[in-house]
Amino acid sequence: MSRYRKIFNGILANIFLVVLLSTSFQSFAQDGQALFKANCASCHKVDKDFTGPALKGWSTRVPAGDWIYKWIANSASLKETDAYAKEISAKWNNVVMTAFGSQLKKEDIDAILKYVDDWAPPVAPVGAPVEKTDDSLLFGILTLVLALIAFILLQVNSNLRKLSDEKEGVLRTEPVPFYRNKSYLMVGILVLFSVGGFYTINGAIGMGRQQNYQPEQPIYYSHQVHAGTNQISCLYCHGGAQDSKQASIPSVNTCMNCHKAIDKYEGPDVLVRENGKAVDGTAEIQKLYSYAGWNTNTKSYNPDNNNDGIPDGARPIEWVKIHNLPDHVYFNHSQHVKVGKQACQTCHGNIQQMPEVYQFSDLSMGWCINCHRETKVDFYNKEAGSGNKYYSIYEKFHNDLKNHKMDSVTVENIGGTECQKCHY
Amino acid sequence: MKKITIIATLILTTAVVIIGCKDKRDPGKIYMPDMAYSRGYETYAQRDSSIFTADPNDAGHKIFYNNLAPAGTMKRGELFPYPLAFDSNNYKISGQIQNPIVGDLPGKELEEAGRLYNINCGICHGEKGAANGPLSAKIGAIANFTQPKYIDMADGTMFYSITYGLNNMGSYASQLSREQRWKVIKYIRTLQPKTIATASAAADSTTAK
């Protein structure tokens, strides 16, 4: 037994050593990146100046020795004694760096610095650009050629018949030209009537509706960049949608929440206007600064010298309202967003994929009513206690649901198609 | 008779052409302007201000924009105004103002506060308050709520920062009501480790990993 124990102990010790060595080594290599992301990345980038300076090449800039460790441990106290610390702090507008003395040990700092030194820019993925071809021109030409051939064949046919008639001595009256031929005329009139009628009726219905309306806005604002790529919630800017009738267009203050810091557009989406003209995102952000009265050089708002309560030069952005309902219709956003729990996209389409927003739905009455007929409400279930308690007053529907006379309650059932709900 | 028919057809065709060729940059025409456009001020509706105001500064504007509420007025059900003005000294004393919401938020309200947090704050501060939201890499210098500095920070100081903004952060007074701001602070507290000791222990465990 004791013999085995010795071997067992030996193996255990070896395993322990190997595990210890391997984990500590591995964690050291990974840690630099993890520690950098956890502690530094919010203010520093490796290759670019951010809130703080770019870290790449730090060793050529800072004084030799343990200066860097002192600085990371507590930059504020180092600033009082060290000349270089004072200089670099002044260069970065005296923004105080968090003191990491209690959080980062010397090994951690070494790991981070090693990660910074070894860092290489990620290689951009190389992919062949997808070519989009438009075949409609080809099909159009083909159709024309075929029509021409058909016409020529028809002419040849009639000429041949004429010749054969003459040969056989059959006397025929001079044929009526096709533009006076009654059956041709009839077909023409019918086609004109139906096509013209279709467009006339559609035009008449569409008057007063603005489907696909896509006005040019004072600033090229891409919902694709903000709500799509950057994942900003719709309600961040249009918070009124959950609280009031109006979805509300955000004030300039809301834009400046992020654009105080983000003053350049760096992609990845390509900004293009509807007419195919490229848009300079950075220039559009500059437009915002002029509306907000923000000085990019001092990174602060202009002073309020004329005492009107807002920075000098600041003025509201005159966005163009796209979705307009006539005055004789009442529509409330909060009712649909908060109570009905409808996604914005149900009515506004895939806003997060629209560079320039257009009106997705026609906002017609038929469209409203159709949705009210199909949409089920979050009906209160007495037994399970789930659903919206407001609906507990609909006694009859509860009984019908229980007796399986109906399987769900739609908006129409609770009065969603009554005229005076929206017109009053 | 024949003439009238031809003229009528021509008029109809022109009308069709005009309506059919609608430019998408143009809102188009409507049947009854009296019923479509509100006589009263409608939020964001396009109106020519020169019709309504004698103030030459306002003439030419097409929108009655979101005006501030008249001075001294208060929304119904809203908390009393915040006593501190925007001032660097007021930031230092802001911690003395107590959170009017005493104790923990009940489940439903905490859920609502969390929803507001995720919409307005999570974009930078991250869902778990660890400063890793989708925009954090673009804005920078985001507060990590799980760090000791923010566990120590008084509710009142946080409220001051949310109300007036701080460094890279802007003011959220236009997006969150006073009550909502206090509630969001309560929610942030639930994201933080309970004490500084556990926070530094957690920090140690992340570095030791």
| field | Tabulated pairs, region B:85-96, first closer than 18 Å to B:Ala173 by Cα, second modelled with pLDDT under 80, C-beta under 6 angstrom, 6+ apart or interchain | value | B:Asn90/B:Leu84; B:Ser94/B:Leu84
| note | When restricted to A:Lys338, A:Lys405, the only residue at pLDDT 85 or above, basic (Lys, Arg) and under 27 Å from the mean Cα position of the chain (by Cα) is A:Lys338
| query | Can you pull out the residues in region A:179-196 that are modelled with pLDDT of 90 or more and either outside any helix (DSSP H, G or I) or within 15 Å of B:Thr14 (Cα to Cα) (or both)? | reply | A:Leu192, A:Phe193, A:Val195
| message | Here is a check on your reading of the model: is A:Gly349 among the small types (Gly, Ala, Ser), at positive phi and surrounded by 11 or more Cβ atoms within 10 Å (Cβ to Cβ)? | response | yes
| remark: Contact list, first residue from region B:176-188 and closer than 16 Å to A:Gln242 by Cα and in the same structural domain as B:Ile119 (by TED's automatic domain parsing), second anywhere and of a type outside the set (Lys, Arg) and in a helix (DSSP H, G or I), beta-carbon distance below 6 Å, six or more apart or interchain, is B:Gln180/B:Leu116
| message | Looking only at region B:152-176, how many residues end up being more than 25 Å from B:Lys138 (Cβ to Cβ) and surrounded by fewer than 18 Cβ atoms within 10 Å (Cβ to Cβ)? | response | 2
| So which residues in region A:244-279 are of a type in the set (Asp, Glu) and more than 9 Å from chain B (Cβ to nearest Cβ), if there are any at all? | A:Asp263, A:Asp269
| Among (1) within 11 Å of chain B (Cβ to nearest Cβ); (2) surrounded by fewer than 17 Cβ atoms within 10 Å (Cβ to Cβ); (3) within 31 Å of the chain's Cα centre (by Cα), where does A:His328 come up short? | (3)
| Just one of the numbered conditions (1) under 29 Å from B:Gly165 (Cα atoms); (2) away from chain B (no Cβ under 13 Å) is not true of A:Ala292; which one? | (2)
| task | Taking A:Ala283 as meeting all but one of (1) surrounded by 17 or more Cβ atoms within 10 Å (Cβ to Cβ); (2) more than 9 Å from chain B (Cβ to nearest Cβ); (3) modelled with pLDDT of 85 or more, write down the number of the exception. | result | (1)
| Of the residues that sit in region A:202-230 and are touching a Phe, Trp or Tyr at 6+ places or on another chain (Cβ under 6 Å) and buried (at least 18 other Cβ atoms within 10 Å of the Cβ), which one is modelled with the highest pLDDT? | A:Gln214
| request: Can you run down the residue pairs with Cβ atoms below 7 Å, 6 or more apart or on separate chains, where the first is in region A:97-111 and within 10 Å of chain B (Cβ to nearest Cβ) and under 19 Å from A:Ala85 (Cα atoms) and the partner is assigned to a helix (DSSP H, G or I) and acidic (Asp, Glu)? | output: none
| Are any of the residues in region A:285-304 under 30 Å from A:Tyr424 (Cα atoms) and not assigned by TED's automatic domain parsing to the domain that holds A:Lys91? | no
| note | Wholly inside region B:67-175, helices (runs of 4 or more DSSP H) that include 3 or more residues that are under 18 Å from the mean Cα position of the chain (by Cα) are B:107-120, B:122-125, B:155-164
| remark: The condition of being surrounded by 17 or more Cβ atoms within 10 Å (Cβ to Cβ) and without any contact (Cβ under 8 Å) to a residue 12 or more places away in the chain holds, among A:His372, A:His336, only for A:His336
| Quick check, is A:Lys182 more than 20 Å from the chain's Cα centre (by Cα) and either at the interface with another protein chain (Cβ under 7 Å from one of its Cβ atoms) or within 29 Å of A:Asn332 (Cβ to Cβ) (or both)? | no
| query | With B:Leu135, B:Leu116, B:Leu105, B:Leu110 as the choices, which residue is closer than 16 Å to B:Lys183 by Cβ, aliphatic (A, V, I, L, M) and within 13 Å of chain A (Cβ to nearest Cβ)? | reply | B:Leu116
| What tally of residues in region A:197-242 results from selecting those that are in a helix (DSSP H, G or I), at the interface with another protein chain (Cβ under 7 Å from one of its Cβ atoms) and closer than 16 Å to A:Ala343 by Cα? | 2
| task | Pick out the one residue from A:Ile322, A:Ile351 that is modelled with pLDDT of 85 or more, under 21 Å from the mean Cα position of the chain (by Cα), within 12 Å of A:Ala247 (Cβ to Cβ) and within 10 Å of chain B (Cβ to nearest Cβ). | result | A:Ile322
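The values are calculated or read from the model by the stated rules, or taken from the named source; none is laboratory data. Values in this document were obtained by computation on a predicted structure and should not be read as measured data. No Cβ is skipped: glycine too gets one built from the backbone with ideal geometry, and neighbour counts run over all protein chains shown.
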